[in-house]
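Read-outs: derived from the displayed coordinates by stated rules, not from any lab. If you're wondering where the values come from, they're calculated on a predicted model, not measured in any experiment. Using ideal geometry, Cβ is built from the backbone for each residue, glycine included, and neighbour counts are taken over all protein chains shown.
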Amino acid sequence: ECDAGFFDGFRMDTEGRIWTSAGDGVHCLDADGRLLGKIQIPEVVANVCFGGAKRNRLFITATTSLYAVYLNVSGA
């Protein structure tokens with residue numbers, strides 16, 4: 001359940017977790033849909049995408065900005 005707007009774009013990592021956009025940032029969910037954590041973004045997030053040489057950089061598109069954060073996991 002999304003407590004901030006609704007889920008939109010999503011991607012999976014190599015460990016089966018779901019990274020999805022929401023009204024308050026990016027939510028990370030386990031395979032059963034339990035919330036593991038959030039990346040707070042000061043704008044509504046539209047989509048996410050893994051990139052970079054090791055696919056461990058999460059690109060986050062928001063209302064007027066593009067954000068990027070390195071993770072300890074790679075995109076699937």
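Kindly provide the set of residues from region 43-76 that are assigned to a strand (DSSP E or B) and of a type in the set (D, E, K, R), ordered by number.
Result: Arg57, single match.
Return yes or no: is Ser65 among the polar types (S, T, N, Q) and in contact with a Lys or Arg (Cβ under 8 Å, 6 or more places away or on another chain)?
The answer is no for Ser65.
Taking only region 30-54 into account, find how many residues are surrounded by fewer than 17 Cβ atoms within 10 Å (Cβ to Cβ) and under 14 Å from Arg11 (Cα atoms).
Within region 30-54, residues that are surrounded by fewer than 17 Cβ atoms within 10 Å (Cβ to Cβ) and under 14 Å from Arg11 (Cα atoms) number 7.
Please go through region 60-76 and pick out each residue that is surrounded by 16 or more Cβ atoms within 10 Å (Cβ to Cβ) and either free of Cβ contacts under 8 Å to residues at least 24 places away in the same chain or of a type in the set (S, T, N, Q) (or both).
If the condition is that a residue be surrounded by 16 or more Cβ atoms within 10 Å (Cβ to Cβ) and either free of Cβ contacts under 8 Å to residues at least 24 places away in the same chain or of a type in the set (S, T, N, Q) (or both), then Thr61, Ala62 are the ones that fit.
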